[in-house]
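Chemist: Can you keep this structure in mind? I'll have questions shortly.
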Amino acid sequence: MAKNLKRVAGLGLSVLALAIVSLAWARISRAQGQPDFLSPNEANQVRDEQDPGGRAKLFLNFAHDRLQKFEYELALKTPQMRREELLNGLLDGYSSCLDEGAERLRDAREAGANLRRVISAFQKETKENLETLKKIEATGGPEINSIKDNLDDAIGSTQDALDEANKAAKEYGSVPIRRKT
């Protein structure tokens, strides 16, 4: 009887160790692939884009898509199941995309890429997004209270991206004036 208990305990420990190793391996494999906040299609688009400024713009577009989806879900009269989780996930994805986009913009600027169009797109889009998020925050209510932390993070990420775009705009200066010859 004691021998069988030892065998079962040893087998249980082996299964537990195997489970821990496989979870760690899965986490490492996933970390080496795409970021968690991107869909496989979005990750392919980023991978296929060769221009550093274009990659920054892609992340800006992905963030915009998530904010639009967030606004849509927030406006629904008959909310879906697990709405709070969905809204928080969309805000988290928005912040992650915008943070990544701002980082790509910074990297492209340091690499000396031509970013005039991307910078103006970042400035315009982030200003609009910031206004939208602040309007949502101003509505208040119990629904907003349940997403307050992620909403604050989204506002902070948007302000950081706007600051990064403004910093890049100062560095690049205004658009050159074309003179008639």
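All of the numbers you see were taken from the coordinates with simple rules; none came from a lab. Keep in mind it's a predicted model, so treat the numbers as computed, not measured. In this analysis, Cβ positions are derived from the backbone assuming ideal geometry, glycine residues included, and neighbour counts consider all displayed protein chains.
Chemist: Where in the stretch 58-83 does the amide nitrogen come within less than 16 Å of the point 7 Å from the Cα of GLU128, taken along Cα to Cβ?
Modeler: Of the residues in the stretch 58-83, 58-72 have backbone N under 16 Å from the label point off GLU128.
Chemist: Also: For the stretch 40-172, what relative contact order do you get, as a whole percent, if you take Cα pairs closer than 8 Å and at least 6 residues apart?
Modeler: 32
Chemist: Counting only the backbone N, which residues of the stretch 42-63 are under 14 Å from the spot 7 Å out from the Cα of ARG117 toward its beta-carbon?
Modeler: Hits in the stretch 42-63 for ARG117 at 14 Å: 50-58.
Chemist: Could you pull out the pairs from LYS124/LYS170; LYS57/LYS127; LYS77/LYS127; LYS134/LYS170; LYS57/LYS77 whose alpha carbons sit more than 24 Å apart here?
Modeler: Distance filter (> 24 Å) returns LYS77/LYS127; LYS134/LYS170; LYS57/LYS77.
Chemist: Please turn the phi angles of the stretch 147-164 into ³J(HN,Hα) values with the Karplus equation 6.51 cos²θ - 1.76 cosθ + 1.60 (θ = phi - 60°), one per residue in order, whole Hz, x for glycine and proline.
Modeler: 10, 4, 4, 5, 5, 4, 4, 5, 5, x, 5, 5, 5, 5, 5, 5, 4, 5
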